[in-house]
1. State the number of residues belonging to the range 241-267 that are of a type outside the set (F, W, Y) and either touching a Pro at 6+ places or on another chain (Cβ under 6 Å) or not in a helix (DSSP H, G or I) (or both).
2. Give all pairs with beta carbons closer than 8 Å in which a residue from the range 230-248 that is under 20 Å from P203 (Cα atoms) meets a residue that is among the β-branched types (V, I, T) and in a strand (DSSP E or B); count only pairs at least 6 apart in sequence or on separate chains.
3. Of all residues in the range 132-168, which are under 17 Å from I194 (Cβ atoms), touching a helix residue (DSSP H, G or I) at 6+ places or on another chain (Cβ under 8 Å) and small (G, A, S)?
4. Filter the range 241-267 for residues that are modelled with pLDDT under 95 and of a type in the set (K, R) and give the result.
5. In the range 232-240, is there at least one residue being surrounded by 20 or more Cβ atoms within 10 Å (Cβ to Cβ), at pLDDT 95 or above, small (G, A, S) and in a loop (DSSP other than H, G, I, E, B)?
6. Output the residues belonging to the range 31-67 that are within 26 Å of E102 (Cβ to Cβ), more than 13 Å from the chain's Cα centre (by Cα), surrounded by 13 or more Cβ atoms within 10 Å (Cβ to Cβ) and not small (G, A, S).
7. Here are L108, L88, L93: which of them is over 28 Å from V180 (Cα atoms) and either aliphatic (A, V, I, L, M) or in contact (Cβ under 8 Å) with a residue 24 or more places away in the chain (or both)?
8. When the range 147-182 is examined, which residues are found to be part of a helix (DSSP H, G or I) and either modelled with pLDDT of 90 or more or on the phi > 0 side of the Ramachandran plot (or both)?
Amino acid sequence: MSSSSATTSRFPVRVFGGPTALFDYGGLRFLTDPTFDGPGDYGRPGRPGLTKTAPSTTTPDGLGHIDVVLLSHDEHPDNLDTSGRALLADVPLTLTTPGGGERLSESLGKKVRGLADWESIALDRPGGGTITVTGVPALHGPGPREAVEAVTGQVVGFVLTGEGLPTVYVSGDNASLDAVRETADRFAPVHTAILFAGAPRFPNLFDNQLIVLSSAQAAEAAHILDADRVVPVHYDSWAHFTEGRDDLAAAFTAAGLADRLDWGREH
């Protein structure tokens, strides 16, 4: 681990339920996968039904100014819902998948940009300097990319870096530890890993295999990334998440990493 005070200081991450988290980094405010609609049934014809079981712990009005939304993908309502889409109109920049960038540009214009794997964008910091956001691989299910994306669509993760700043990894809806290893090869050690977990499964998708990390896999991802801190998201508030907070705590305890967990509720 880095011993620099600049890279080991813990900046607050606030988690609001589902995949939605807020953090201040390098003078900018970042929000992941905005979901604020109320409990109920969601989905589209031909897609598995999704049931939201608990409300967000905040509202879009309660967030304050957001500089950048890190949107792992735009096609599923448990990652971008109606109120989340409305919020994007008021955000200067949304970063997402290449396909999502094309779809959302119809309403957002130049305020959205898709990032391919390893593609980066430099964001100006208020006090000078830049933050680099790099798109990193993510797969929303098991198997080769072509087969997974044909069913669940593109997903992108993100790595944030900057001079004197800690390295931050946002996994997105990723089920692939190989994708985590590819990211770690370029960026580890990671200071803060915002890991999407919850072990979601559907009987009619990929023979009920995982489409996002399980709790044990999240702990393995933390080890691969050599992460100082892990902020779990995407493990509550939806019925298709099969593992919750207790499972995550048990898995990280079994891996000897319990002290790395930050639930994002105390700030």
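The values are calculated or read from the model by the stated rules, or taken from the named source; none is laboratory data. Everything numeric here is computed off the predicted structure, so don't read it as measured data. Cβ: placed from backbone, ideal geometry, glycine included. Neighbour counts: every protein chain shown.
1. 13
2. Short answer, once both residue conditions are applied: W238/T51; A239/T51; H240/T51.
3. A138, G157
4. R265
5. No - not one qualifying residue is present in the range 232-240.
6. Taking the range 31-67 and keeping what is within 26 Å of E102 (Cβ to Cβ), we get 31-37, 42-48, 50, 60, 66-67.
Keeping just the survivors that are more than 13 Å from the chain's Cα centre (by Cα) gives 36-37, 42-48, 50, 60, 66-67.
Add one more test, that the residue is surrounded by 13 or more Cβ atoms within 10 Å (Cβ to Cβ), and what stays is 36-37, 42-43, 47-48, 50, 60, 66-67.
Selection gives F36, D37, Y42, R47, P48, L50, P60, I66, D67.
7. On the way: L88 fails: over 28 Å from V180 (Cα atoms); L93 fails: over 28 Å from V180 (Cα atoms).
Testing whether each residue is over 28 Å from V180 (Cα atoms) and either aliphatic (A, V, I, L, M) or in contact (Cβ under 8 Å) with a residue 24 or more places away in the chain (or both) leaves just L108.
8. Step one: of the range 147-182, the residues part of a helix (DSSP H, G or I) are 147-152, 177-182.
Matches in the range 147-182: L177, D178, A179, V180, R181, E182.
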